[in-house]
Amino acid sequence: MIETRGLTKHFKDVRAVDGIDLTVAPGELVALLGPNGAGKSTTLRMLTTLIPPSSGTARVAGFDVVRQQREVRLRIGYIGQGNGAGHSQRGRDELISQGRAYGLSVRDARTRAGRLVDSLGLAEVADRRVSSLSGGQRRRLDIAMGLIHAPELLFLDEPSTGLDPQNRANLQEHILALRAEHETTIVLTTHYLDEADSMAERVIVIDHGRIVADDSPARLKAEHVGDRIVLGFDAETEAARAASTLAAYDPGREGTRLTITTQGAPRRVPGMLDDLRAAGHPAAEVEVIRPTLDDVFLKLTGRSLREGGAAQEPANSTDELVEV
Amino acid sequence: MTTLITDTRTVFSRELRPVLRDPFTIIFSMVQPLVFLALFAPLLPGADALQWFVPGIIVMSCLFASSMTGSNLLFEIQTGSHERMLVTPLRRPALLIGRALKEIVPMFAQAALIVAVCVPFGFRFNLAGALLGLVVLATFCIGLGALSYTLALAAKNQEWLFWTVQQTLIFPLLLLAGVLLPIENGPGWLRALAKGNPLSYVVDAERSLFNGDIWTSATVSGVVAAAAVAALGLWAGVRAMRRSD
Ligand SMILES: Nc1ncnc2c1ncn2[C@@H]1O[C@H](COP(=O)(O)OP(=O)(O)OP(=O)(O)O)[C@@H](O)[C@H]1O
Ligand SMILES: [Mg+2]
């Protein structure tokens, strides 16, 4: 569905996208993950024909994004980072004209608009001026616009930014349902790590315009970070002796605590506890820490991802990707 | 399926809809030139003043309106709705023509109003000629609107840049075409500049068409000038859309 070779975009001296090779098969749901300025939007903008690549090639839905723009545009949907709906327009009008732009008849456009308005919970605001909608309502309207022609391939640039948790969940459901129903191929970018984790079976981590990892969330975590087991003891001497008992796991000790990095931790912990008890220095407490995509990113790029969120994000989003 | 015409209609009706929902501003701007006309026409010498002046006023208001085509766009470039439209399969010229027509069509309603007001004061016109004149004018103004669109794309986030360039160009364009004041009595350099201004030919064509002199060389020159500006505007606009970041 998507095939790029050495896709690159320079803005003057900024290498926004720096040689991306990407293959996406029909029906996949792929999340592009990366900090601010990583090149996610620029990548999507090239794939959606908005900007020409500086070098490299991309075929989208079977057509070249430079030479066959119209063919590409007919087959894709795009929900950009900004507001697709004009602020002086009314939501339903915009939905209908968007449908008309894709060649739907007035009646079909109206029917589909009505259905999307209902399913995205916009019934009360669809006939108001877009400028009077809340950020979240506007975002849902944008999403409705991207879906009006039921495209085979859908690009979403930070679809859930600015939505409250309930609407985020709602949107995720909507996207997953769309996919189940129409086998839509979906490429989305997100700052929300949990979103990438729970929705995408494939996560592509982008940093400085390059792909630094590309795998399922589970394998990314297993491969790059692994689980951590933290064992607590009553005294440092016990911790030290426990460390030699568990030497095979190469534990790190910090005072009364041992930390072990491994895979499949939940299956290993009972055995470890048995060994420690048998050796005469049982653990006083145990914690299994499963990795998040945060940890993967930190490991891959050497840069911290800190909790909190970018300036425009709600303060309560605890698992968002931010460059420090 | 879509065609250039259905695409243009889609863009045009999208643009016009907010205006129709809130017609006050458009009504206000339609009355403006009437005031202008009332104050200016008595100053013109000769009995043929209206014959000369009315086509000029119609050209002027259409010119101003179409040169604003890019101004609404500036905001839509910032919010992202222009980007959203660029990703749709709408044909690029339709984006330009549809937006320009949204500015032009209300001005034609205004032209009808101006003519209706002036007829009791002795203005005479030929209907077929006038309609053909409006087609020529629309062609020119589509080109100008497309250039305004191009300017908005180039100015992007600097709104002041758009307005500065627009204002700097529109007045010389207007004055050097003999729209408001006759050029014939001006100095040689002024007449030379006017000769290089495509709008001069359009204005001349409008005057002779409104008068009913349809098959004249002025008409031919006007049609050629308008078509050239339209072609230039559409070419520049499509190119700018393809290249803009
Ligand atoms: N039109 C442009 N002109 C100049 N530089 C640009 C332009 N668009 C993007 N850039 C630069 O390219 C880099 C990548 O930007 P991009 O918008 O693709 O990042 P992103 O991963 O989408 O970030 P975010 O998470 O903040 O949306 C940034 O350094 C940005 O400043
Ligand atoms: Mg972005």
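The values are calculated or read from the model by the stated rules, or taken from the named source; none is laboratory data. Nothing here was measured: the structure is a model prediction, and the numbers come from that model. FYI the Cβ positions are ideal-geometry reconstructions off the backbone, even for glycines, and counts take in every protein chain you see. Just the protein is used for accessible areas: all its heavy atoms, side chains included, with ligands, DNA and RNA removed. Shrake-Rupley method; radii C 1.70, N 1.55, O 1.52, S 1.80 Å.
Restricting the search to helices (runs of 4 or more DSSP H) fully inside the range B:172-245 and requiring at least 3 residues that are closer than 30 Å to A:Met46 by Cα gives B:217-243. Out of (1) within 16 Å of ligand 2 (Cβ to nearest atom); (2) closer than 20 Å to A:Arg202 by Cβ, the odd one out for A:Thr161 is which? It fails just one condition, (2).
Note on the range A:95-123: among residues that are of a type in the set (Ser, Thr, Tyr) and assigned to a helix (DSSP H, G or I), the one that is least open to solvent (accessible area, probe 1.4 Å) is A:Ser97. Annotation note: of A:Gly56, A:Gly34, A:Gly19, A:Gly80, the sole residue that is within 10 Å of ligand 1 (Cβ to nearest atom) and either within 14 Å of chain B (Cβ to nearest Cβ) or more than 24 Å from B:Met85 (Cα to Cα) (or both) is A:Gly34.
Of the set (1) buried (at least 16 other Cβ atoms within 10 Å of the Cβ); (2) of a type outside the set (A, V, I, L, M, F, W, C); (3) more than 21 Å from the chain's Cα centre (by Cα), all apply to A:Lys12 but (1).
Looking at the range A:1-79, the strands (runs of 3 or more DSSP E) lying wholly inside it that each contain 2 or more residues that are within 14 Å of ligand 2 (Cβ to nearest atom) sit at A:2-11, A:14-24, A:29-33, A:76-79. Scoring A:Ser54 on the criteria (1) under 24 Å from the mean Cα position of the chain (by Cα); (2) surrounded by fewer than 22 Cβ atoms within 10 Å (Cβ to Cβ) leaves a single failure, condition (1).
Of all the residues in the range B:1-12, those that are at the interface with chain A (Cβ under 7 Å from one of its Cβ atoms) and free of Cβ contacts under 8 Å to residues at least 60 places away in the same chain number 1.
For the range A:86-94, the condition holds for no residue, the condition being that it is open to solvent by 60 Å² or more (accessible area, probe 1.4 Å) and farther than 14 Å from A:Ala126 by Cα. Considered as a group, the residues in the range A:207-225 that are of a type in the set (A, V, I, L, M, F, W, C) and surrounded by fewer than 23 Cβ atoms within 10 Å (Cβ to Cβ) include one that is farthest from A:Asn36 (Cα to Cα), and that residue is A:Ala222. Against the conditions (1) surrounded by 14 or more Cβ atoms within 10 Å (Cβ to Cβ); (2) within 18 Å of B:Ala65 (Cα to Cα), B:Thr168 satisfies every one except (1).
Of the candidates A:Ala144, A:Ala126, A:Ala85, the single residue that is touching a residue at least 40 places away in the same chain (Cβ under 8 Å), part of a loop (DSSP other than H, G, I, E, B) and more than 16 Å from ligand 1 (Cβ to nearest atom) is A:Ala85. A:Arg139 fulfils the conditions (1) crowded, with 21+ Cβ neighbours inside 10 Å; (2) modelled with pLDDT of 90 or more; (3) of a type outside the set (Val, Ile, Thr); (4) not in a loop (DSSP other than H, G, I, E, B) except for a single criterion, (2). Taking the range A:147-170 as the range and being in contact (Cβ under 8 Å) with a residue 12 or more places away in the chain, open to solvent by 10 Å² or more (accessible area, probe 1.4 Å) and of a type in the set (A, V, I, L, M, F, W, C) as the test, the residues that pass are A:Leu147, A:Ala150.
Annotation note: of A:Thr43, A:Thr23, A:Thr48, the sole residue that is under 20 Å from A:Leu178 (Cβ atoms) and of a type in the set (Val, Ile, Thr) is A:Thr48.
Taking every residue in the range B:165-193 that is more than 15 Å from B:Arg207 (Cα to Cα) and pairing it with any residue that is open to solvent by 20 Å² or more (accessible area, probe 1.4 Å) and assigned to a helix (DSSP H, G or I), at least 6 positions away or on another chain, the pairs with Cβ-Cβ distances below 6 Å are B:Val165/B:Leu151; B:Leu176/B:Leu193. In this structure, does A:Arg257 turn out to be open to solvent by 70 Å² or more (accessible area, probe 1.4 Å) and touching a residue at least 60 places away in the same chain (Cβ under 8 Å)? It is false that A:Arg257 is open to solvent by 70 Å² or more (accessible area, probe 1.4 Å) and touching a residue at least 60 places away in the same chain (Cβ under 8 Å).
Here's the yes/no breakdown for (1) within 13 Å of A:Leu33 (Cβ to Cβ); (2) within 18 Å of the chain's Cα centre (by Cα):
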position: A:Arg168; (1), (2): no, yes
position: A:Ala177; (1), (2): no, yes
position: A:Tyr192; (1), (2): yes, yes
position: A:Arg202; (1), (2): yes, yes
position: A:Asp227; (1), (2): no, no
position: A:Ala242; (1), (2): no, no
position: A:Ile260; (1), (2): no, no
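Against the test of being within 16 Å of ligand 2 (Cβ to nearest atom), over 17 Å from the mean Cα position of the chain (by Cα) and not aliphatic (A, V, I, L, M), the options A:Asp127, A:Asp142 yield a single qualifying residue, A:Asp142.
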